[in-house]
């Protein structure tokens, strides 16, 4: 009897293992999607919007080897479909290609500015990407000035796939202070839930390729794009929030230009919450860096010059930061700097009294007073120009 039960158990296990994967799809039959673009086509009389979704599919036969670079044939195929809902478009998309769309390798989602400027439409477009179990939380999201399809149509010279090229640009953004760190769909989901204002990187198609710079600003309570930050304003945003890891500041010493390379940025924000109409926000920015380049004959080894360089760097940082704050308070009237999150974390009881009208309605954020101070250090100066001076004296 025991032997019979053991045999039955072994047979059941073997039978279970032989069933295989019921939903298995051969890799040759999959259509790998690496990029997606969403554009606004039209608004119908019933209030619904006609949306165009463009998916970038990989063409495996045109990929070749990495050493071949950009060949004559494109390694991708952009297929577009239109509809009133992302689900309907997704169903139509499946009929336009001979291979089943597979999204586990999706790298980027580009949303056109026209879509982003309509209240809550951006959130609706994100919904299907957030719900689909194939989607990964690391997908990067961007806002395009023109049509998102035009971004995916760009054929880069040194990459086979446009989506991979854009992702590489975003990953290397830590070297430039005027661009945002990549914003992933997981972070977008968090923004949609907490209703705080937020920023998403911008991208645009230009004559020679793509320009990745600046940020689109969204109001959190209606998830609508209300404006943007240009390169310098984005640099100020990164300095205030401490997100800037690298970058260059140009200053002048006796009318001679010096490039100061940021190597470490730390930001400390404190909020004085004595009264709703008298909120004071202190921003202290500490930076360390080195002299990357000089355009003159000033000796960088003189203590007087070194001290003056640090002062000029501090003035430049304060100028850039104050300009961004002014833009956020007076023009955008949106807390893109995350002050609301600081209030929620450190002054929760006070936050409960202002949260419903923090950056809309009464807009306590716009009424707040900011005090910005910067502290700069020079780690290394180099002595190239002194060497030039020594030789010129002979």
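Every number here is computed from the coordinates shown, using simple stated rules; none is lab data. Predicted model only: the values in this text are computed from it and were never measured. Every residue, glycine as well, gets a Cβ built from its backbone with ideal geometry; the counts of neighbours run over all protein chains shown.
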> Which FRET efficiency value, to the nearest 0.05, is calculated for residue 9 and residue 104 with the Förster distance at 51 angstrom and r the Cβ-Cβ distance?
Replying inline: 0.90
> Using the Kirkwood radius built from alpha carbon pairs, what does the Stokes-Einstein equation give as D for segment 318-374 at 4 °C and 1.567 mPa s, in µm² per second?
Replying inline: 110
> Using a basic spin-label model with each label point 7 Å from the Cα along Cα→Cβ, how many nm lie between residue 290 and residue 61?
Replying inline: 5.1
> Using the count of nearby Cβ atoms within 10 Å as a rough guide to exposure, how do 339, 169 rank from fewest to most?
Replying inline: 169, 339
> Label-point separation (nm) for residue 195 and residue 345, each offset 7 Å from Cα along Cα-to-Cβ?
Replying inline: 2.2
> Stretched out fully, how many nm does the piece from residue 353 to residue 248 gain, at 0.36 nm a residue minus the Cα gap?
Replying inline: 33.8 nm
>> Quick check on segment 211-333: what does the Kirkwood estimate of hydrodynamic radius come out to from the alpha carbon pairs, in Å?
In response: 16.3
> With Rg and the Kirkwood Rh both taken from Cα atoms, where does Rg over Rh land for segment 280-340?
Replying inline: 1.13
>> Under 12 Å from a point placed 7 Å out from the Cα of residue 206 along the Cα-to-Cβ direction: which residues of segment 231-261 have their backbone N that close?
In response: 231
>> Please rank 189, 219, fewest neighbouring Cβ atoms within 10 Å first, as an exposure proxy.
In response: 189, 219
> Given the C-alpha centroids of segment 128-151 and segment 214-276, what is the distance between them in whole angstrom?
Replying inline: 25
> What span do the alpha-carbon atoms of segment 117-246 cover on each of the three principal axes, reported in whole Å from largest to smallest?
Replying inline: 40, 35, 24
> When the Cα centres of segment 181-199 and segment 304-377 are compared, how far apart do they sit, in Å?
Replying inline: 20
> Put a dot 7 Å past each Cα toward the Cβ at residue 130 and residue 282; how far apart are the dots in nm?
Replying inline: 3.7
>> How would 207, 308 line up from fewest to most surrounding beta-carbon atoms within 10 angstrom?
In response: 207, 308
